[in-house]
Structures are given as structure tokens and as C-alpha cells.
Amino acid sequence: MSWPVYFFIIDAYPRQDVLQNIYKFNNEEFIRNLKNKGFYIANKSIANFNGSDTSLTSTFGMDYEIVKNNQNSGFAPSAGQSILKSPTLRIFNKSNYNIIFAESILSTARCGPIVNHCII
């Protein structure tokens with residue numbers, strides 16, 4: 001039996017305390033609604049890299065490389081392709097999961113053959 005897995009990345013959306021402290025925006029209703037629907041909210045989360053491409057590539061690749069001198073270790077240029085060829089998606093594919101991918105305006109985040117449904 002497969003359990004549903006949802007992995008949403010709302011790119012460039014600050015966490016609640018940042019929205020409140022810097023922008024004076026109360027996001028509590030949105031967070032409360034997500035929690036009421038069973039979503040886990042990582043309240044004090046921080047990104048593992050400065051950019052989405054490198055962060056997502058390391059997450060889906062189930063690997064973490066230390067960034068030295070602001071140089072990444074070969075991740076970013078083809079990050080979208082790396083995500084689509086990642087161990088994570090291969091495992092889900094082999095387990096007959098339905099992979100839905102939402103494309104980005106970035107050329108590195110385009111749907112590929114492993115994707116069952118592509119949202120453009």
C-alpha cells in the first residue's frame with residue numbers, strides 16, 4: 001500500500017515570524033488552516049542553500065554538500081534535471097507513485113519523462 005506524499009515548495013514565501021516582524025503581516029489564518037488540514041509547518045525552518053535550485057537538488061538528491069566560498073559543488077546549472085533524475089523520484093516511480101510536477105519559469109524546472117502529470 002502506498003501512502004500519499006505531498007511536497008509543496010512555496011518559493012520565496014517567508015515564514016510566519018518573518019512576515020510578521022519585517023512586513024507586519026499576520027499570516028496566522030493561513031497557517032492555522034494548513035494545520036487544521038493536517039499539514040506539518042516547520043515554524044523556524046531555514047534553507048540549506050541560498051538558492052532554490054541548489055536547495056531542491058540537495059533535498060531530492062538525498063545528499064548535502066557543504067558550500068565553500070559561495071561556490072556550490074556542481075549542483076545548480078542543471079538542478080531541474082537533477083531533481084527529475086533524483087533518487088527520490090526514482091524510488092517513488094519504482095513504487096508506482098503518481099508524480100505530479102509543476103513547471104517553473106526557470107528552464108531548469110521543466111517536466112521530464114518520469115513525471116506522470118505536468119502542470120504548466
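The values are calculated or read from the model by the stated rules, or taken from the named source; none is laboratory data. What you see is a predicted model; the values in this text were computed from it and never measured. Using ideal geometry, Cβ is built from the backbone for each residue, glycine included, and neighbour counts are taken over all protein chains shown. The area values use the complete protein model at the heavy-atom level, side chains included, leaving out ligands, DNA and RNA. Shrake-Rupley method; radii C 1.70, N 1.55, O 1.52, S 1.80 Å.
Descriptive notes on the structure:
- Potential lengthening between GLU28 and ILE10 on full extension [0.36 nm per residue; Cα-Cα distance subtracted]: 4.9 nm
- Residues whose placed amide H lies under 5 Å from that of ALA102, excluding near-sequence neighbours: ILE119
- Extending 7 Å from Cα along the Cβ direction at GLN20 and again at ASN93 yields two label points whose distance is 4.3 nm.
- Among CYS111, CYS118, the order of accessible area from largest down is CYS118, CYS111, computed with a 1.4 Å probe on protein heavy atoms.
- The HN-Hα couplings worked out from phi for the range 89-97 by the Karplus form 6.51 cos²θ - 1.76 cosθ + 1.60 (θ = phi - 60°) are 5, 4, 5, 4, 5, 5, 8, 6, 6 Hz, whole numbers, x standing for Gly and Pro.
- Using the Cβ-Cβ distance between LYS85 and ASN50 with R0 set to 25 Å, the FRET efficiency works out to roughly 0.65.
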